[in-house]
Amino acid sequence: MRRLRNRMDCHVNEPRYRHMHLWRARGFTLAEVMVALAVISVAVTIGITLYSAAATIGQNTRSAQAASTLAVEALAALRNHPHDYVWPALQTGEQVEIKARSGEQACSAPSVLPIEPRANRREAAFYTRCAWQAYARLPEEHAPYMELAIVIRWNAAGQARAFTLTTLAPRALAEGGA
């Protein structure tokens, strides 16, 4: 008869004790648990970083979209009401700033804002942080058109941001508005 290493060796081959031997062999070692925790922590960190980046990209996209809308509205105001602005004499190749006669070029919030309260506050706050400027430039001395540039400026997360919309307009617009 052979010598037994421990008390369980004698019962391993019996069907009713086989589950006890398997139960003892199925546990995780400390090293396996530590590796699993390290993998999970890396995955959670990556997930949080990606979520944060996606939120930042979303905010930047919303701001750029609002700035684009404001630039189109400012351009429409320049074209539709040129007499409300001071148009300096245009010189070839020189960019000149166009100022409102009222002196105010702050962005105003539209009359329709999102219904959801948080989105409403976020959109309204954007309009208080931005201002616009308009510039005109005559590309050639006798050109029948001029280049108009509308620049919307705002601060986002402590960084200065800008959106520029550039288009061509008839030169008569500046001459009739001066």
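Brief remarks on what is shown
- Here segment 113-154 is the region considered, the condition is being small (Gly, Ala, Ser) and outside any strand (DSSP E or B), and the residue that is modelled with the highest pLDDT is 143.
- Only listed residue being open to solvent by less than 70 Å² (accessible area, probe 1.4 Å), in contact with a Pro (Cβ under 8 Å, 6 or more places away or on another chain) and free of Cβ contacts under 8 Å to residues at least 40 places away in the same chain, chosen from 123, 97: 97
- Criterion: among the charged types (D, E, K, R), in contact with a helix residue (DSSP H, G or I) (Cβ under 8 Å, 6 or more places away or on another chain) and open to solvent by 20 Å² or more (accessible area, probe 1.4 Å) - qualifying residue of 161, 129: 161
- Single match in 63, 102, 68 (criterion: assigned to a loop (DSSP other than H, G, I, E, B) and in contact (Cβ under 8 Å) with a residue 12 or more places away in the chain): 102
- Some residue of segment 25-35 being hydroxyl-bearing (Ser, Thr, Tyr), closer than 30 Å to residue 157 by Cα and either open to solvent by 60 Å² or more (accessible area, probe 1.4 Å) or at pLDDT 70 or above (or both): no
Matching residues to (1) closer than 30 Å to residue 152 by Cβ; (2) open to solvent by less than 80 Å² (accessible area, probe 1.4 Å); (3) modelled with pLDDT under 90:
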| position | (1), (2), (3) |
| --- | --- |
| 10 | no, yes, yes |
| 14 | no, yes, yes |
| 40 | no, no, no |
| 69 | yes, yes, yes |
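The values are calculated or read from the model by the stated rules, or taken from the named source; none is laboratory data. Only a predicted model underlies this, so the values are computations on that prediction, with no experimental measurement involved. Ideal geometry is used to build each Cβ from the backbone, glycine not excepted, and the neighbour counts take in all protein chains shown. Remember, those area values only see protein heavy atoms, side chains included, never the ligands or the DNA or RNA. Shrake-Rupley method; radii C 1.70, N 1.55, O 1.52, S 1.80 Å.
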